[in-house]
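The values are calculated or read from the model by the stated rules, or taken from the named source; none is laboratory data. Nothing here was measured: the structure is a model prediction, and the numbers come from that model. Positions of Cβ are generated from backbone atoms using ideal geometry, with glycine treated the same way; all protein chains shown enter the neighbour counts. The accessibility values were calculated without ligands, DNA or RNA, using every heavy atom of the protein model including side chains. Shrake-Rupley method; radii C 1.70, N 1.55, O 1.52, S 1.80 Å.
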Amino acid sequence: METQKINTKKQILRKQIREKNAHLDPEYCLWADKRIREWILNWKYFQKAETIFCFVGTAGEIHTKPLIQAALDQGKRVAVPKCISKGIMEARQIRSLGELYPGSYGIEEPEKAAEIIGPEEISLALVPCLTCSEDGRRLGYGGGFYDRYLQKYPNHFKIGIGFSFQEAESVPAEKYDVSPDSIWTDKGEII
């Protein structure tokens, strides 16, 4: 019964944030993208990371392609998510943004033949936040892809990235929900 209550709360919160996303000001998005990108590129964990796993941002999310390109330009090994089946993804290596194609859920991803990067090889994982809270909880889009992936390999340093207007006072969570080690918005690092 408790799980059902938490899931209902998550669905309500997701709906509220999606409604806010529908009215995003494009100028705010560009400003927020640039601000977050500058902070992350100068952040010690990004600079030290040899292998980065990063989501490819879509509408309503931070635009991550410039971060991915910067990592590639710095000679870092870069992996992006490849959806394999419902709730299951893998980290697949890309060597350029030209290796991304429309895939599952309309999200750009690499071809199936792209090399799999084992989770144990990843030093920094950048994950999307539909919403987050100041106590470090992250709420995704409901597919459980990142929670399942990150749960198996807790040694990554995980950062959630999102817009500050998406912050919530609290985010309902269950034992299988994985919280990031840090969360960044256009206000800066909130945890």
request  = Could you point to the residue in Ala71, Gly162, Trp39 farthest towards the positive end of the chain's charge dipole, with +1 and -1 charges on the Cβ of Lys/Arg and Asp/Glu respectively?
outcome  = Gly162
inquiry  = Let me check I've understood the local charge: for Ala49, count other residues with C-beta under 10 angstrom from its C-beta, Lys and Arg +1, Asp and Glu -1. What total comes out?
reply    = +3
query = Build a GNM of the chain with springs between Cα atoms under 10 Å: which of Glu38, Glu174, Glu61 gets the top mean-square fluctuation?
reply = Glu174
ask   = Looking only at Tyr105, Tyr153, Tyr141, which one moves most when the chain is put into a Gaussian network model with springs between Cα atoms under 10 Å?
value = Tyr105
task = Counting only C-alpha contacts under 8 Å and six or more residues apart, can you give the relative contact order of segment 1-137 as a whole percent?
result = 23 percent
task = Can you work out the accessible area per residue across the chain, with the rest of the protein chains kept in place, probe 1.4 Å, in square angstrom?
result = 52 Å²
inquiry  = Less than 14 Å from a label point 7 Å out along the Cα-to-Cβ axis of Lys9: which backbone N atoms in segment 145-173 qualify, by residue?
reply    = 168-173
ask   = Given +1 on the Cβ of Lys and Arg, -1 on the Cβ of Asp and Glu, and no further charges, what dipole in debye does the chain carry about its Cα centre, rounded to the nearest 20?
value = 320 debye
Of the trypsin sites (Lys or Arg not before Pro) in segment 92-166, those whose Cβ has at most 16 other Cβ within 10 Å and which sit in DSSP loop = Arg95, Lys112
Percent carbon-and-sulfur accessible area, the chain, ignoring ligands, DNA and RNA, probe 1.4 Å = 50 percent
ask   = Once you list every other residue whose beta carbon is under 13 Å from the beta carbon of Asn155, what net charge do they have if Lys and Arg are +1 and Asp and Glu are -1?
value = -1
Simple spin-label estimate for Asn42 and Ser170 in nanometres, 7 Å along Cα-Cβ = 3.6 nm
